[in-house]
Structure formats: C-alpha cells, structure tokens
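Engineer: My structure is below; once you've seen it, I'll send some questions.
The values are calculated or read from the model by the stated rules, or taken from the named source; none is laboratory data. If you're wondering where the values come from, they're calculated on a predicted model, not measured in any experiment. Cβ: placed from backbone, ideal geometry, glycine included. Neighbour counts: every protein chain shown. The protein model used for the area step is the full one, side chains on, heavy atoms only, and it has no ligands, DNA or RNA in it. Shrake-Rupley method; radii C 1.70, N 1.55, O 1.52, S 1.80 Å.
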Amino acid sequence: MIDVKREELPALGWTWLYFYAVLASYYVLRPIRDEAGVAGGVDNLPWLWIGTLVGVTIASPAFAALVARLPRVRFVSWSYRFFALNLIVFFLVLRAADGEANIWAGRVFYVWTAVFNLFVPSVFWAFMTDIFTPEQGKRLFGIISAGGTLGALTGSLLTAMLAEHIQPMFLLFFSVALLELSVVAVRRLSKLSERLRAAQSAPTQEQIIGGSVLAGIRNATSSPYLLGISLYMLLFTTLSTVLYFQLAGIVDRSLADRAARTAFFARVDLLTNGLALVLQLFAFSNLVRVFGLTVTLGVLPAISAAGFAILGTIPAVAVVVVFQAVRRAGEFAIARPAREVLFIVLPREDRYKAKNFIDTFVYRAGDQIGAWSYALLIALGLGLSGISAAGMALAVLSIGLAVWLGRRQRALERGSRSDMTVGPAES
C-alpha cells in the first residue's frame, strides 16, 4: 500500500508526526473560527477576508526576512512558536471580553486563524520540498498527507466532543501543545535528513538561504511557471469561496445556537477528512504512477466542473454539503500533494519565498475575488444555478492549466536531472 524504501522510514515517521501535529492544531481552531465568523455576521465575512489579505501582506515579508537570515530549522521553529504565543494572548483576550467586545475579538481571531491556516501548512510543505526529491514526492506526498488528515480528524473530533461541554477558548491550549510537538518533530526530521544527505555525499540543506526579502514576490510574478501555479491556486480558491459562502449561509439560517454551530462545522470537517484519508492512502500515488502528474493535477478541476454542473441542476442543501466535503477531500488528498511536487524542481529560495507568497497572498487574493464576485452575482439576481454555471466555466479553465503545468514540471525535472540544478531563468 505504501511504496517506501527502508532508509526512508524514519524520516517518513517523523514527517507524519510533524504534519499530524500541525493540522491537529489548526483543526482544533477551525470550528471555533467558523463559529466566530458566523456570530459576527455572514454579511461581514468579505470584510474579514480583506483583513486576512492585509494580514498575509504584512506577514509575508516578515517570514521572508527570517528565511533570508536564519538556518532552516530555526526559522521554522520560531514561526510556530510565534503562533503558539499568539494563541495564549487570544485566550486572555477572549476570556476577558464580553458582549460587542467579544464579537470584535472573535473577528480578529477569525482573521488571525485564516493567516495561521496559510502559513503553518505552507512552511510544512516548503520543508518537504527541501528534503525530498521529485521521485520521492510522487511516491510519498500522498502518504505524508494522510498523516495530516489523521491530525485534522483528531482536532475536529476533539472540538466536536468538547465544544458543547467546556468553553471553546480553553481548547486553544490543545493547539499550543500540538504546535510545540511539531517543533520537536521539525528538529528531529532536520537531523535525519542531514544524515541521509551526508551518507549520499550531498551538500547540506541547513545553510542560510539568504537573498532579498522581496525575492519571492519578484520571482513569483516574473516566472511563467510560477505564474501558472499562481493562477491554478487563484482559480481553486475562488471556487472554494463560492461554496464556503453557500455553506455559511445555510448554517446561519438553520442553527441559532453558537455551540451547535461550532459542533456542526466540526462534524463537516470530520466527514471531509475521513474521505480524504481514504483517498490519500489509496489514490494519490496510484494516480501519479498510472496516469502521471498532469492527469493528477486535473482531477480536482474535473470534480469541480462536475459538481457545479450537478449543483446547477439540483440546487439542494444536501448537494452543497456533499460537494463541499468531496471537493475539500480532493484538495487535501490529490490536488495539494500534486501541487507541492511542482515546487521540488525549483531553487531553494523559490521553495520557501515564492511558494510562501503564492500559498498566502495569492490564496487570499483568490478568496477576495470569490467573495466579492459572489456578492456581485447575488446583487445581479443570479441564483444557485447561475452561479454554478460560472463556477463550471472556471473549473474547465483549471483543467487546461493543469495540463500545461504538468508538462512544464516534467520538462524542468528532466533538466534538473541533467544539470543537477535549475537556474532562476529556467524557473
């Protein structure tokens, strides 16, 4: 079931623990965040997403500065511990605030959690692209994703079980502890990867990357390959936002109790991650092996096109919920690991700086496009069927882009094998 070599097992085990802890930490917070967003008013969500875009715009250069000045294990550890400290501050603020102040504190927490959700997994996958080869990524990234899904299931289950029995703010300490566990795993994994590289007489990857703080933005906006990845990401997040607003509106109309809404979001996450786990264990590596990376990149856009077509024909609540769960599971199990393989063929600076810019700023820019486009379509009087038709058209465009990216990655991988490095101009 797992195509892994004996010498890769220790690194794979610590990688599983690392991703397990990272996603468990986030999924403890996610239902609390979603409930805070609904409590602050569904109509205000587009403004909160503007706040998120501002947050990642500020945070991206700060992270790039750490990447340029610190060894890999230190900037990863410092980033996670910074977020853990933030959670302790939020606990104190949410505990002290009440009434309107609590609503505003919840809105700030919503924005912060959205930034957290982008940076923490992005740093994880950047680390993965730094220690695994393209060949290993195609074999192992789906299995590695399963470790994260187990963490997501744990976090969702924890919140679903406890949210109606204790104040949700106390769950923040579980998230803090899991972030510290991820730091332990990062340090151990870094040592293992360096020992493996030394045995293979390969150069160390713990040297400081250096370079400009703005190099990630410059490279992401000047490279056709990185621009293609950015557009692929932009289309995905735009469509995800449309579905998210549909689900948030349903919950707002159906459930009045805050604890019940938190538990509902946690149960939806459980459904999504249970399906994702099955796909990660059995689908990703087999898809890549049998059909190649190009087809694998096109699976989620094809699911999206079919889903929007069904939703436009049968505009029912159950269809929205199932489509959301299937699409998110496909993202976790297939699209995300396939997208990460695209970065392995790039220079180290692009793996951390340009990748982080795409995973954060571009991702949230897609949210903004989706949020305001959705509001515009509603204002124009389009119902679920009309919005679904527009979503299907964007999904078809994503399929064509997936084909181009897969072919380009294959060409860069062949070049990296022959030249041993990929120059900035080629990337």
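Engineer: If you scan the range 49-82, which residues turn out to be more than 19 Å from ALA354 (Cα to Cα), open to solvent by less than 20 Å² (accessible area, probe 1.4 Å) and either touching a Cys at 6+ places or on another chain (Cβ under 7 Å) or of a type outside the set (S, T, N, Q) (or both)?
Structural biologist: TRP49, TYR80
Engineer: List the pairs whose first member sits in the range 10-26 and is within 18 Å of THR129 (Cα to Cα), whose second member is part of a helix (DSSP H, G or I) and of a type in the set (D, E, K, R), and whose Cβ atoms are under 6 Å apart, counting only residues at least 6 apart or on separate chains?
Structural biologist: Pairs that qualify, where the first residue is within 18 Å of THR129 (Cα to Cα) and the partner is part of a helix (DSSP H, G or I) and of a type in the set (D, E, K, R), are TRP14/ARG188.
Engineer: Please enumerate the residues belonging to the range 306-336 that are free of Cβ contacts under 8 Å to residues at least 12 places away in the same chain and either open to solvent by less than 10 Å² (accessible area, probe 1.4 Å) or part of a loop (DSSP other than H, G, I, E, B) (or both). Break it down into steps so the answer makes sense when it comes.
Structural biologist: As a first pass, look at the range 306-336 and keep what is free of Cβ contacts under 8 Å to residues at least 12 places away in the same chain: 306, 314, 316, 318-319, 322.
Listed by number, the residues that qualify are ILE314, ALA316.
Engineer: Among (1) at pLDDT 65 or above; (2) closer than 25 Å to VAL22 by Cα; (3) hydrophobic (A, V, I, L, M, F, W, C); (4) not in a loop (DSSP other than H, G, I, E, B), where does ILE217 come up short?
Structural biologist: Result: ILE217 fails condition (2) only.
Engineer: Oh, and also: Take the range 29-70 and flag every residue that is within 18 Å of ALA105 (Cα to Cα) and in contact with a Ser or Thr (Cβ under 6 Å, 6 or more places away or on another chain).
Structural biologist: Listed by number, the residues that qualify are LEU29, PRO31, ARG33, GLU35.
Engineer: Let me ask you something else. What single numbered condition from (1) at pLDDT below 90; (2) assigned to a helix (DSSP H, G or I); (3) farther than 28 Å from SER25 by Cβ; (4) open to solvent by less than 50 Å² (accessible area, probe 1.4 Å) fails to hold for THR272?
Structural biologist: In the conditions (1) at pLDDT below 90; (2) assigned to a helix (DSSP H, G or I); (3) farther than 28 Å from SER25 by Cβ; (4) open to solvent by less than 50 Å² (accessible area, probe 1.4 Å), THR272 misses (3) alone.
Engineer: If I go through the range 122-136 residue by residue, how many of them are of a type outside the set (Ser, Thr, Tyr) and open to solvent by less than 10 Å² (accessible area, probe 1.4 Å)?
Structural biologist: Just the residues of the range 122-136 that are of a type outside the set (Ser, Thr, Tyr), to begin with: 123-128, 130-132, 134-136.
This time we only want the ones that are open to solvent by less than 10 Å² (accessible area, probe 1.4 Å), so: 123-128, 130.
Summing the residues that are of a type outside the set (Ser, Thr, Tyr) and open to solvent by less than 10 Å² (accessible area, probe 1.4 Å) in the range 122-136 gives 7.
Engineer: May I pose another question? Regarding the range 85-93, can at least one residue be identified that is closer than 29 Å to LEU297 by Cα, touching a residue at least 12 places away in the same chain (Cβ under 8 Å), among the β-branched types (Val, Ile, Thr) and out of contact with any Ser or Thr (no Cβ under 6 Å at 6 or more places or on another chain)?
Structural biologist: The initial filter retains those residues of the range 85-93 that are closer than 29 Å to LEU297 by Cα, namely none.
No: zero hits.
Engineer: Got a number for residues in the range 163-182 being over 23 Å from the mean Cα position of the chain (by Cα) and either open to solvent by 50 Å² or more (accessible area, probe 1.4 Å) or basic (Lys, Arg) (or both)?
Structural biologist: The total comes to 5.
Engineer: Considering only residues that are in contact with a Pro (Cβ under 7 Å, 6 or more places away or on another chain) and either farther than 18 Å from ARG328 by Cα or surrounded by fewer than 21 Cβ atoms within 10 Å (Cβ to Cβ) (or both), which ones fall in the range 137-162?
Structural biologist: If the condition is that a residue be in contact with a Pro (Cβ under 7 Å, 6 or more places away or on another chain) and either farther than 18 Å from ARG328 by Cα or surrounded by fewer than 21 Cβ atoms within 10 Å (Cβ to Cβ) (or both), then THR159 is the only one that fits.
Engineer: Let me ask something else. For the range 352-381, give me each residue that is closer than 29 Å to ILE314 by Cβ and open to solvent by 60 Å² or more (accessible area, probe 1.4 Å).
Structural biologist: ILE369, TRP372, LEU376, ILE378, ALA379, LEU380, GLY381
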